[in-house]
Amino acid sequence: MKVVHVKAVDERDACLARLCAEVYGRKAGLMPLVSFAGTRRVLFAQEAARLLALVDADGAPRALALLVLDEAGVGMTLVLSCSLSEDREPERRLIAELAFKAPLRVEATDRDAETFYLGCGITRWFAGQEGKRIGLGARHPAGSAKELADTLGFDEQTVLRNLKHDPKGFEEEKQRFVEGLAAFPERL
(Lines give C-alpha, C1' and ligand atoms only; values in the text may rest on other atoms or scores of the structure.)
Protein backbone atom coordinates (compact mmCIF):
# COMPACT_ATOMS: atom_id res chain seq x y z
CA MET A 1 0.00 0.00 0.00
CA LYS A 2 1.17 3.52 -0.75
CA VAL A 3 -0.15 7.08 -0.52
CA VAL A 4 -0.88 8.90 -3.77
CA HIS A 5 -1.49 12.65 -4.15
CA VAL A 6 -4.37 12.88 -6.63
CA LYS A 7 -3.47 15.85 -8.84
CA ALA A 8 -5.18 15.31 -12.21
CA VAL A 9 -8.33 17.46 -12.13
CA ASP A 10 -10.76 14.81 -13.42
CA GLU A 11 -9.44 12.12 -11.06
CA ARG A 12 -9.33 14.59 -8.17
CA ASP A 13 -12.94 15.68 -8.77
CA ALA A 14 -14.06 12.04 -9.01
CA CYS A 15 -12.26 11.15 -5.78
CA LEU A 16 -13.64 14.26 -4.05
CA ALA A 17 -17.19 13.38 -5.13
CA ARG A 18 -16.76 9.85 -3.78
CA LEU A 19 -15.22 11.13 -0.53
CA CYS A 20 -18.08 13.58 0.05
CA ALA A 21 -20.68 10.92 -0.75
CA GLU A 22 -19.02 8.41 1.62
CA VAL A 23 -18.59 10.88 4.49
CA TYR A 24 -22.00 12.53 4.36
CA GLY A 25 -24.05 9.61 3.08
CA ARG A 26 -27.04 9.53 0.80
CA LYS A 27 -29.48 11.13 3.25
CA ALA A 28 -27.44 14.26 3.90
CA GLY A 29 -29.40 16.54 1.61
CA LEU A 30 -27.22 19.07 -0.17
CA MET A 31 -24.24 18.79 2.20
CA PRO A 32 -22.17 16.46 -0.05
CA LEU A 33 -22.70 18.84 -2.98
CA VAL A 34 -21.92 21.93 -0.87
CA SER A 35 -18.69 20.35 0.37
CA PHE A 36 -17.77 19.25 -3.15
CA ALA A 37 -18.49 22.65 -4.72
CA GLY A 38 -16.82 24.69 -1.97
CA THR A 39 -13.70 22.53 -1.96
CA ARG A 40 -13.40 22.65 -5.74
CA ARG A 41 -14.23 26.34 -6.19
CA VAL A 42 -12.36 27.73 -3.20
CA LEU A 43 -9.79 25.38 -1.66
CA PHE A 44 -8.52 23.68 -4.82
CA ALA A 45 -8.61 26.98 -6.71
CA GLN A 46 -6.39 28.55 -4.03
CA GLU A 47 -4.17 25.45 -3.89
CA ALA A 48 -5.06 25.20 -0.20
CA ALA A 49 -6.23 21.57 -0.23
CA ARG A 50 -4.76 18.20 -1.16
CA LEU A 51 -6.66 15.03 -1.96
CA LEU A 52 -4.77 11.86 -1.08
CA ALA A 53 -5.53 8.20 -1.57
CA LEU A 54 -4.18 4.99 -0.13
CA VAL A 55 -3.82 2.53 -3.00
CA ASP A 56 -3.01 -1.16 -3.01
CA ALA A 57 -0.28 -2.85 -5.06
CA ASP A 58 -2.51 -2.74 -8.16
CA GLY A 59 -3.21 0.99 -7.73
CA ALA A 60 -6.81 0.49 -6.60
CA PRO A 61 -7.93 3.17 -4.12
CA ARG A 62 -8.68 1.82 -0.63
CA ALA A 63 -9.07 5.07 1.37
CA LEU A 64 -9.36 8.81 0.69
CA ALA A 65 -8.45 11.92 2.67
CA LEU A 66 -8.77 15.67 2.18
CA LEU A 67 -6.12 17.83 3.83
CA VAL A 68 -6.45 21.62 4.07
CA LEU A 69 -3.66 24.08 4.88
CA ASP A 70 -3.80 26.35 7.89
CA GLU A 71 -3.64 30.14 7.57
CA ALA A 72 0.07 30.16 8.44
CA GLY A 73 0.84 27.60 5.74
CA VAL A 74 2.70 25.32 8.15
CA GLY A 75 0.12 22.71 9.14
CA MET A 76 -2.49 20.60 7.37
CA THR A 77 -5.84 19.63 8.86
CA LEU A 78 -7.57 16.39 8.02
CA VAL A 79 -11.00 17.66 6.98
CA LEU A 80 -12.57 14.53 5.47
CA SER A 81 -11.51 10.90 5.31
CA CYS A 82 -13.05 7.53 4.57
CA SER A 83 -12.30 3.92 3.88
CA LEU A 84 -13.69 2.53 0.63
CA SER A 85 -14.62 -0.75 2.28
CA GLU A 86 -16.59 -1.83 5.33
CA ASP A 87 -13.34 -2.06 7.27
CA ARG A 88 -11.78 1.19 8.57
CA GLU A 89 -8.27 -0.28 8.45
CA PRO A 90 -7.37 1.37 5.09
CA GLU A 91 -8.49 4.75 6.47
CA ARG A 92 -6.45 4.18 9.63
CA ARG A 93 -3.37 3.26 7.55
CA LEU A 94 -3.75 6.34 5.36
CA ILE A 95 -4.06 8.69 8.34
CA ALA A 96 -1.14 6.97 10.06
CA GLU A 97 1.03 7.54 6.97
CA LEU A 98 -0.03 11.19 6.83
CA ALA A 99 0.62 11.65 10.56
CA PHE A 100 4.12 10.28 10.04
CA LYS A 101 4.96 12.31 6.92
CA ALA A 102 2.98 15.57 7.16
CA PRO A 103 2.41 18.31 9.76
CA LEU A 104 -1.01 16.80 10.41
CA ARG A 105 -3.78 18.13 12.62
CA VAL A 106 -7.02 16.28 13.39
CA GLU A 107 -10.10 17.29 15.34
CA ALA A 108 -12.03 14.74 17.36
CA THR A 109 -15.62 15.54 18.30
CA ASP A 110 -16.03 12.55 20.60
CA ARG A 111 -14.12 9.87 22.49
CA ASP A 112 -14.49 7.28 19.71
CA ALA A 113 -12.89 9.63 17.16
CA GLU A 114 -10.03 10.41 19.53
CA THR A 115 -9.45 6.70 20.13
CA PHE A 116 -9.44 6.08 16.37
CA TYR A 117 -6.87 8.85 15.81
CA LEU A 118 -4.73 7.54 18.68
CA GLY A 119 -4.62 4.27 16.74
CA CYS A 120 -3.35 6.28 13.76
CA GLY A 121 -0.36 7.57 15.71
CA ILE A 122 -1.73 10.96 16.76
CA THR A 123 -0.30 11.25 20.26
CA ARG A 124 -0.29 14.97 21.15
CA TRP A 125 -3.69 16.26 22.23
CA PHE A 126 -5.07 19.64 23.25
CA ALA A 127 -8.48 20.88 24.34
CA GLY A 128 -10.21 22.75 21.54
CA GLN A 129 -13.32 24.87 21.32
CA GLU A 130 -16.82 23.48 21.84
CA GLY A 131 -15.51 20.32 23.49
CA LYS A 132 -13.42 19.26 20.50
CA ARG A 133 -10.03 17.66 21.01
CA ILE A 134 -7.20 18.67 18.68
CA GLY A 135 -4.58 16.06 17.85
CA LEU A 136 -1.23 16.71 16.20
CA GLY A 137 1.06 14.38 14.34
CA ALA A 138 4.75 14.16 15.18
CA ARG A 139 5.78 16.55 12.36
CA HIS A 140 3.39 19.34 13.33
CA PRO A 141 5.48 22.25 14.70
CA ALA A 142 2.94 23.60 17.24
CA GLY A 143 3.77 23.02 20.90
CA SER A 144 0.42 24.17 22.27
CA ALA A 145 -3.12 24.91 21.13
CA LYS A 146 -2.33 28.66 21.23
CA GLU A 147 0.27 28.17 18.50
CA LEU A 148 -2.23 26.66 16.06
CA ALA A 149 -3.37 28.77 13.13
CA ASP A 150 -6.94 28.45 11.89
CA THR A 151 -7.58 26.05 9.03
CA LEU A 152 -8.44 27.66 5.71
CA GLY A 153 -11.98 27.03 4.60
CA PHE A 154 -15.07 28.34 2.90
CA ASP A 155 -18.44 29.48 4.17
CA GLU A 156 -20.82 26.57 3.62
CA GLN A 157 -23.88 28.82 3.95
CA THR A 158 -22.57 31.13 1.22
CA VAL A 159 -21.93 28.18 -1.09
CA LEU A 160 -25.42 26.84 -0.35
CA ARG A 161 -27.03 30.23 -1.01
CA ASN A 162 -25.09 30.57 -4.27
CA LEU A 163 -26.25 27.13 -5.38
CA LYS A 164 -29.86 27.91 -4.48
CA HIS A 165 -29.88 31.30 -6.23
CA ASP A 166 -28.03 30.19 -9.36
CA PRO A 167 -30.03 27.36 -10.98
CA LYS A 168 -27.56 27.02 -13.85
CA GLY A 169 -24.57 26.87 -11.46
CA PHE A 170 -26.44 24.38 -9.27
CA GLU A 171 -27.11 22.10 -12.24
CA GLU A 172 -23.48 22.35 -13.38
CA GLU A 173 -22.12 21.44 -9.93
CA LYS A 174 -24.67 18.65 -9.52
CA GLN A 175 -23.77 17.25 -12.93
CA ARG A 176 -20.04 17.49 -12.15
CA PHE A 177 -20.66 15.68 -8.83
CA VAL A 178 -22.72 12.90 -10.45
CA GLU A 179 -20.22 12.50 -13.28
CA GLY A 180 -17.41 12.36 -10.72
CA LEU A 181 -19.14 9.56 -8.85
CA ALA A 182 -19.64 7.64 -12.10
CA ALA A 183 -16.03 8.19 -13.18
CA PHE A 184 -14.41 7.13 -9.90
CA PRO A 185 -11.13 5.53 -11.01
CA GLU A 186 -10.48 1.85 -10.45
CA ARG A 187 -6.75 2.61 -10.47
CA LEU A 188 -4.69 5.68 -9.59
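The values are calculated or read from the model by the stated rules, or taken from the named source; none is laboratory data. It should be emphasised that the depicted structure is a prediction, and the values quoted were computed from it without experimental measurement. For neighbour counting, all protein chains shown are included, and Cβ atoms are generated from backbone atoms with ideal geometry for every residue, glycine included. Surface areas here come from the heavy atoms of the whole protein model, side chains and all, with no ligands, DNA or RNA. Shrake-Rupley method; radii C 1.70, N 1.55, O 1.52, S 1.80 Å.
Observations on the structure shown:
- Restricting the range 49-69 to residues that are in a loop (DSSP other than H, G, I, E, B) and hydrophobic (A, V, I, L, M, F, W, C) leaves a set whose member that is farthest from the chain's Cα centre (by Cα) is A57.
- Out of D56, D87, D70, sole residue that is open to solvent by 70 Å² or more (accessible area, probe 1.4 Å) and of a type outside the set (S, T, N, Q): D87
- Residue that is nearest to R161 (Cα to Cα) [pool: residues in the range 1-43 that are assigned to a loop (DSSP other than H, G, I, E, B) and at pLDDT below 95]: L30
- Checked against the criterion of being open to solvent by 40 Å² or more (accessible area, probe 1.4 Å), under 18 Å from V79 (Cβ atoms) and among the β-branched types (V, I, T), the candidates T151, T123, T115 yield just one match: T151.
- Any hit, the range 79-99, residues being part of a loop (DSSP other than H, G, I, E, B), under 30 Å from L163 (Cα atoms) and of a type outside the set (V, I, T): yes
- Residue pairs whose Cβ atoms lie under 8 Å apart, sitting 6 or more positions apart in sequence or on different chains, and linking a residue in the range 36-62 that is within 18 Å of L104 (Cα to Cα) to a partner that is aromatic (F, W, Y) and surrounded by fewer than 23 Cβ atoms within 10 Å (Cβ to Cβ), are L43/F154.
- The single condition among (1) more than 30 Å from K146 (Cβ to Cβ); (2) part of a loop (DSSP other than H, G, I, E, B) that Q46 does not meet is (1).
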